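Just so you know, all these numbers are worked out from the coordinates, no wet-lab data involved. Being a predicted model, the structure only gives us computed values, none of them experimental. Cβ atoms come from the backbone with ideal geometry, glycine included; neighbour counts cover every protein chain shown.
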Amino acid sequence: MRKTLTETIRLAHGSGGEMTSRLIKDIFYAAFGGDARDANDSAVLELPRGRTAFTTDSYVISPLFFPGGDIGKLAFCGTVNDLASVGARPIALAASFIIEEGTTFEDLRRIAGSMGEVSRETGVPVVTGDTKVVDKGSGDKVFITTSGVGSIPDGVDYHPRNIRPGDAIIVTGSIGDHGYSITALREGIDIKSAVTSDCAPLHGLIEALWPFGAHIRAARDATRGGVGMVLNEWAMQSGRGILVHEERLPVKDEVAGGTALLGLEPIYLANEGKMLVAVSQEKAAEVLDRIRSHPAGADAALIGGTNGDKPRVVLETAWGTQRLVPVPRGEILPRIC
C-alpha cells in the first residue's frame, strides 16, 4: 500500500532518502510536470543561437500568501520579469526551496501549485530544482530561489547605457500596488478594495516591443525600491538627468490614500508586475499605444524623460515646484519580495 505523506514537513524530508523522493514526486512533480524517471543531476537544454540571458533571485516575502498571489507565483514571475528586462524570451527556470520543519504540506502544495499554474500559462517550464529542510526556528516556512535562462533576439539591447538626451520614460501601469497591499496586510488595514499585488509575468508585453528595435533604450521591472530606485540607477548608469511629473504617475486612489496614512511614498514601493521603459522621443507615442494595447499595460503612462547631463532624478509636483527623488536609504519595507 502506498504510504501517505505526513501533514507537516519533517527533517527527514530533506535527508535525501525515501521521504525526500516522495516529497519531490508528490509536491513538485505534481505541480510542475515531468517524469521522475528522467531525473538527472542537471537539466539539459537546447538553447537558440545568439545571446543567452541568465539570472537568479531569492524570495523571502512575509506573509507567504497575500492578495493577488503567494511566494510561489512571486518567485516565478520575478525571474521571468528579470529576463524580460533585458529583452529576453524566457526558456526555462530552476527553483530551489528551503523549507522549515513544521511547514504544512497544504501550504507547500499551494505554493508549488501556484508556480505550476503560471508556468503552464506562460509556457515556461521549471526544469530543475532542489529542496532543503532546516530545523524549526531556522527559517520562516519557505524561502525560494529561482534562476532562469532566456534568449535575446538580434537588435534588442535594453541596457541603461543606451539612454540618450530627450528620451521618454514610460511606466506600464499603476505603481505601488504590491508594496501597499503587503504593508496593509501586515498592518491589519482593511483593503477590501481593488488593491491587490500586481504580481504578473511581463515577458509578453516586452516581446511586443521588440519590433521597435533600438528605439527602446532600456527596460526594468520596478521591484524593491520601486520606480524611484530604478530611475536613480538609470540616471547614474546613463549619466543623464531624469525629470518625472507627479501628476502623470499612475497611482490608484486607494494606494495614494493608504500610503499617505502610513507615511510612505508610492514612488518607492515595490511592484511585481510593472516595467519602466525608456524610449526615443520619436517613437514614444507609438510605444505607449503598443503597451496600452497589451493586457498587462492598459494603464501605462508617459511619466517624464531625460533632461540634461547631471545624473539625478527630479520630481515636478502638481504645484509646479521641483524636488529631488533621492536613492532610498535603509530598509523601506523588509521581506517584501
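From the square roots a ≥ b ≥ c of the eigenvalues of the alpha-carbon gyration tensor of region 189-337, which class results: rounded (a/c under 1.5), prolate (a/b over b/c), or oblate? Intermediate values should be presented prior to the final figure.
Details: a/c = 1.62, a/b = 1.16, b/c = 1.40.
Oblate, since a/c reaches 1.5 and b/c is not below a/b.
Quick one: among P201, P211, P250, which has the greatest mean-square fluctuation in a GNM of the chain with alpha-carbon springs under 10 angstrom?
P211
Most fluctuating residue of A260, A184, A270 in a GNM of the chain with Cα springs under 10 Å: which is it?
A260
Could you give the angle, 0 to 90 degrees to the nearest 10, between helix 253-262's Cα long axis and the longest principal axis of the Cα atoms of the chain?
The answer is roughly 80 degrees.
What are the ³J(HN,Hα) couplings of region 60-77, residue after residue, when phi is run through the Karplus curve with 6.51, -1.76, 1.60 and θ = phi - 60°? Round to Hz, x for glycine and proline.
Coupling constants for region 60-77: 9, 5, 9, x, 5, 10, 8, x, x, x, 7, 4, x, 4, 4, 5, 5, 5 Hz.
Tell me the mean residue ellipticity at 222 nm calculated for the chain from its helices only (DSSP H runs of n ≥ 4, each -39500 (n - 2.57), averaged over every residue, nearest 500).
Numbers: 8 runs with 87 residues, N = 337.
Rounded to the nearest 500, it is -8000 deg cm²/dmol.
I'm a student and want to see the number: the projected area of the Cα convex hull of region 200-280, averaged over all directions, in nm².
The number I arrive at for region 200-280 is 6.2 nm².
When only C-alpha pairs under 8 Å and at least 6 residues apart count, what is the relative contact order of region 66-208, in percent?
Details: 204 pairs, mean separation 58.3, N = 143.
It comes to 41 percent, rounded to a whole number.
Given 37 °C and 0.692 mPa s, compute D for region 1-105 with the Stokes-Einstein relation, Rh being the Kirkwood radius over Cα pairs; round to the nearest whole µm²/s.
Reported coefficient: 202 µm²/s.
Counting alpha carbon pairs within less than 8 Å and at least 6 residues apart, what relative contact order, in whole percent, applies to the chain?
On the way: 733 pairs, mean separation 74.3, N = 337.
Rounded, it is 22 percent for the chain.
Among D70, D198, D26, which one shows the highest mean-square fluctuation when the chain is modelled as a Gaussian network with alpha-carbon springs under 10 Å?
Checking each option, the largest mean-square fluctuation is seen for D26.
Whole Å is fine, so just give me how far the alpha carbon centre of region 150-184 lies from that of region 54-132.
21
Using mean projected area of the Cα convex hull in nm² as the read-out, say which of (1) 22.9; (2) 18.3; (3) 17.0 was calculated from these coordinates.
It is the value labelled (2).
Semi-axes of the equivalent ellipsoid for region 116-199, please: Cα gyration tensor eigenvalues, times 5, square-rooted, ordered largest first, whole Å. Could the numbers behind the result be given before it?
Details: eigenvalues 196, 132, 43 Å².
Each semi-axis is the square root of five times an eigenvalue, giving 31, 26, 15 Å.
What would the Debye equation give as log₁₀ I(q)/I(0) for region 160-245 at q = 0.19, 0.21 Å⁻¹, counting only Cα atoms as equal point scatterers?
-0.96, -1.08
What longest region of the chain stays clear of GluC sites (Glu not before Pro) that DSSP places outside H, G, I, E and B and that have at most 12 other Cβ atoms within 10 Å? Intermediate values should be presented prior to the final figure.
On the way: sites that count: E7, E46, E331.
No qualifying site falls inside 47-330, the longest such stretch.
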